[in-house]
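**Student:** First the structure, which I've put down as structure tokens, then a few questions once you've had a look.
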Amino acid sequence: MKIMHIDTSAKIAEKSNSRMLGQFFLKQLQQQNIDLDIDYLDLTKDVQPHLTSEFVVATYKPANERTTEMKQVLAASDVMCQRVIDADALVCAMPMYNWTIPATFKTFIDTIIRTGVTYDLFPDGTTQGKLTNKKVLFITTRGADLRSGDFQHMDAMTPVLKASFGFLGVENPQFVNAQPLQFADQEARTQALARAKEELTYIAHKWASKL
Ligand SMILES: Cc1cc2nc3c(=O)[nH]c(=O)nc-3n(C[C@H](O)[C@H](O)[C@H](O)COP(=O)(O)O)c2cc1C
């Protein structure tokens with residue numbers, strides 16, 4: 001199984017719970033005797049650029065009408081789109097930052113949502129995502145517990161992930177949300193990690209059984 005594994009935490013590996021949980025999940029898959037071909041992307045090191053006017057003009061120009069300069073502007077995005085297209089599954093690990101996704105993951109989304117590449121736009125204005133049949137798992141880590149209570153309405157992470165990947169044809173992305181990992185006592189944090197690991201183990205078994 002070809003997996004694109006994406007990390008986004010600003011923390012180094014030894015201190016990051018999202019990085020640790022991503023690794024944990026891959027290990028669970030390996031224990032199911034799944035042969036893994038990992039394409040690893042650390043978005044804190046390989047930071048994708050913000051959209052520019054040149055990019056916007058080039059991306060909406062039909063491919064056969066693009067100038068050499070336009071093709072150059074899109075080249076890195078073309079490569080990133082191909083990496084996503086080539087993967088059977090995406091495993092995206094990310095902390096909640098200021099109630100939403102890390103900015104590095106937002107620029108990644110901007111990089112891979114491409115007309116004619118990852119989705120089709122038809123003359124009548126309708127669209128069709130091209131990433132159908134791809135497994136997508138989001139492992140999110142949160143300082144607060146947004147399952148209930150005062151912070152419940154503050155989750156601006158899940159909607160943006162569901163909307164952007166749904167647009168690309170990913171109908172049922174899976175979420176494992178480890179919470180609370182910071183704004184709680186040690187016992188609650190320990191339980192949150194244990195819950196997340198249990199859910200990840202279950203998903204790894206499911207993925208293995210459907211191969
Ligand atoms: C800059 C920054 C902003 C954060 N914003 C939030 C937030 O809005 N809500 C929340 O629940 N946790 C927030 N946190 C806490 C992290 O989401 C939490 O500690 C998470 O477990 C970090 O994952 P990591 O260990 O992989 O880096 C924030 C942490 C940092 C460093």
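**Student:** Val56 fails exactly one of the following numbered conditions: (1) surrounded by fewer than 19 Cβ atoms within 10 Å (Cβ to Cβ); (2) not in a helix (DSSP H, G or I). What is the number of that condition?
**Tutor:** Result: Val56 fails condition (2) only.
**Student:** For segment 79-105, how many residues meet the condition of being free of Cβ contacts under 8 Å to residues at least 24 places away in the same chain and either in a loop (DSSP other than H, G, I, E, B) or away from the ligand (no atom under 16 Å from the Cβ) (or both)?
**Tutor:** Of the residues in segment 79-105, 3 are free of Cβ contacts under 8 Å to residues at least 24 places away in the same chain and either in a loop (DSSP other than H, G, I, E, B) or away from the ligand (no atom under 16 Å from the Cβ) (or both).
**Student:** In segment 158-190, what residues are within 13 Å of the ligand (Cβ to nearest atom), within 13 Å of the chain's Cα centre (by Cα) and surrounded by fewer than 20 Cβ atoms within 10 Å (Cβ to Cβ)?
**Tutor:** Thr158, the sole residue that qualifies.
**Student:** Could you check segment 194-208 and list, in sequence order, the residues that are aromatic (Phe, Trp, Tyr) and within 14 Å of Ile34 (Cβ to Cβ)? Let's see the steps before the verdict.
**Tutor:** Taking segment 194-208 and keeping what is aromatic (Phe, Trp, Tyr), we get 202, 207.
Scanning segment 194-208 gives a single hit, Trp207.
**Student:** Still on this structure, I have one more. In segment 136-157, which residues are over 11 Å from the mean Cα position of the chain (by Cα) and either away from the ligand (no atom under 16 Å from the Cβ) or β-branched (Val, Ile, Thr) (or both)?
**Tutor:** If the condition is that a residue be over 11 Å from the mean Cα position of the chain (by Cα) and either away from the ligand (no atom under 16 Å from the Cβ) or β-branched (Val, Ile, Thr) (or both), then Thr141 is the only one that fits.
**Student:** Looking for whichever is over 19 Å from Ser18 (Cα atoms) and modelled with pLDDT of 95 or more here; the options are Gly129, Gly143, Gly149. Which one fits? Give the derivation first.
**Tutor:** Working: Gly143 fails: over 19 Å from Ser18 (Cα atoms); Gly149 fails: modelled with pLDDT of 95 or more.
Answer to the selection: Gly129.
**Student:** Also, I was wondering about something else. Considering only residues that are basic (Lys, Arg) and either more than 19 Å from the chain's Cα centre (by Cα) or closer than 23 Å to Val84 by Cα (or both), which ones fall in segment 191-208? Spell out the reasoning first.
**Tutor:** First, the residues of segment 191-208 that are basic (Lys, Arg): 195, 197, 206.
Selection gives Arg195, Lys206.
**Student:** Let me ask you something else. Out of the residues in segment 1-35 that are at pLDDT 95 or above and part of a loop (DSSP other than H, G, I, E, B), state the one that is farthest from the ligand (Cβ to nearest atom).
**Tutor:** Checked segment 1-35; the qualifying residue farthest from the ligand (Cβ to nearest atom) is Met1.
The values are calculated or read from the model by the stated rules, or taken from the named source; none is laboratory data. Predicted model, so just to flag it, every value in this text is computed and none were measured. So basically every Cβ, Gly included, is an ideal-geometry build from the backbone, and we count neighbours across all protein chains shown.
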